[in-house]
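Note sheet for the following structure.
Read the figures in this text as sums done on the coordinates, not as results from a lab. Since the structure is predicted, the reported quantities are computational estimates derived from the model, not experimental observations. Note that each Cβ is placed from the backbone with ideal geometry, even for glycine, and that neighbours are counted across all protein chains shown.
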Amino acid sequence: MDIRFISSDQDQQTNRILGDVADRAAALGIRLAGTLQRAASGQKCDIVLRLLPGGPDLNVSMNLGPGATGCRLDANLLEEAAMQVQARLPGAQALIANKFGKQEAAGHGLVQVIGQACTAGLPVLVGVSADWRAAFLAFAGDAAQPLNDADQALDWLRTACARQTA
């Protein structure tokens, strides 16, 4: 199992790093499957996932109506996104999962896709918040190693993908 994670306490930093890695990896011809969380163009509380490779963008947040001040994930829409990512795994060289969070810790969301990619021998890069780091490490065990920035993550990804084809 070749699994690494990015974790930052800075707001949106993990998403920026994963997005940078995905863009640069695609430019190198690395075939990715997975999800990225993109900044929403509409309301602040929109949770928008970009499916790799090439989209589409899926809003996986519940519509809480006008005047809502909080965000809520629509778990059913996240499961649909996970099924689409799963269908893309056979053509991928690696998986990027934007988040290991509450849904994944409970055995839902992207956790099955992450496990399948690991079982298939694909390198896996996961975004993990500090709140869910312990749950992620319990899931991934000693195999999970932290990466600090986009350059380090891209170097690891390029090397891991090269090992696959060797």
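Near residue 154: Cβ cut-off under 14 Å, other residues only, Lys/Arg at +1 and Asp/Glu at -1. The net charge is -1. Most tightly packed first, judged by the mean number of other beta-carbon atoms within 10 Å of their residues, the peptides 53-63, 17-27 read 17-27, 53-63.
For the range 21-166, the relative contact order comes to 22 percent (Cα pairs under 8 Å, sequence separation of at least 6).
Applying a 10 Å radius around every beta-carbon, put 126-135, 71-80 in order of their mean neighbour count, most first.
Values: 126-135: 17.2, 71-80: 14.9.
Ranking the peptides 126-135, 71-80 by packing returns 126-135, 71-80.
Let me spell out the model: positive unit charges on the Cβ of Lys and Arg, negative unit charges on the Cβ of Asp and Glu, origin at the Cα centre of the chain. What dipole size does that give, in debye rounded to 20?
Details: 14 positive and 16 negative charges, 47 e Å.
Dipole of the chain, to the nearest 20 debye: 220 debye.
For residue 32, the residues whose modelled amide H falls within less than 5 Å of its own, excluding neighbours fewer than 5 places apart on the same chain, are 93. Shown here: the range 3-165, whose C-alpha atoms stretch 51, 31, 28 Å along the first, second and third principal axes, sorted largest to smallest. Beta bridges per DSSP, both residues in the chain: antiparallel share near 40 percent.
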